[in-house]
Amino acid sequence: GGARMQKGISVARTATGTYVATFSPPMPDANYAVTLSFVKVGSVTDAIEIASMSTTNFSITIRDSAGALHDSSTICISVFR
């Protein structure tokens, strides 16, 4: 899939349940907030989390309570600075 709306950010799937959102241009610093939501496709225990944040990108993972990674048909992202 791909972003339905984007302004200075692109999202790519890097592996099952793992995504990277890249800023263009980069943020001036890493002092921003990210909110995430998603459609659960796999286990009802799936959770979405921010794995890392930098001025150029942030990583997202979706995993169940056992640690297995899952994809989602829809991921919603909001970034606030």
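The values are calculated or read from the model by the stated rules, or taken from the named source; none is laboratory data. Every value quoted in this text rests on a predicted model; they were computed, and no experiment measured them. Neighbour counts run over all protein chains shown; Cβ positions are idealised from the backbone, glycine included. We work out accessible area using only protein heavy atoms, side chains counted, and drop any ligands, DNA or RNA first. Shrake-Rupley method; radii C 1.70, N 1.55, O 1.52, S 1.80 Å.
Can you pull the semi-axes for the range 10-81, root of five times each eigenvalue of the Cα gyration tensor, sorted largest first, whole Å? Intermediate values should be presented prior to the final figure.
Working: eigenvalues 107, 24, 22 Å².
Sorted largest first and rounded, they come to 23, 11, 10 Å.
On the accessible surface of the range 20-81, probed at 1.4 Å, how many percent belong to carbon and sulfur atoms?
Working: 1960 of 3460 Å².
It is 57 percent, rounded to a whole number.
Using the Cα centre of the chain as the reference point, and only Cβ charges (+1 on K/R, -1 on D/E), how large is the resulting charge dipole? Debye, rounded to the nearest 20.
On the way: 6 positive and 5 negative charges, 49 e Å.
Dipole about the Cα centre, nearest 20: 240 debye.
Which value, in Å², gives the accessible area per residue of the chain when a 1.4 Å probe is used on the protein heavy atoms? The partial results should precede the final answer.
Working: 5010 Å² over 81 residues.
I get 62 Å² per residue for the chain.
If packing is taken as the mean number of other Cβ atoms within 10 Å per residue, what is the order of 20-31, 48-59, highest first?
On the way: 20-31: 13.0, 48-59: 15.1.
In descending order of packing, they fall as 48-59, 20-31.
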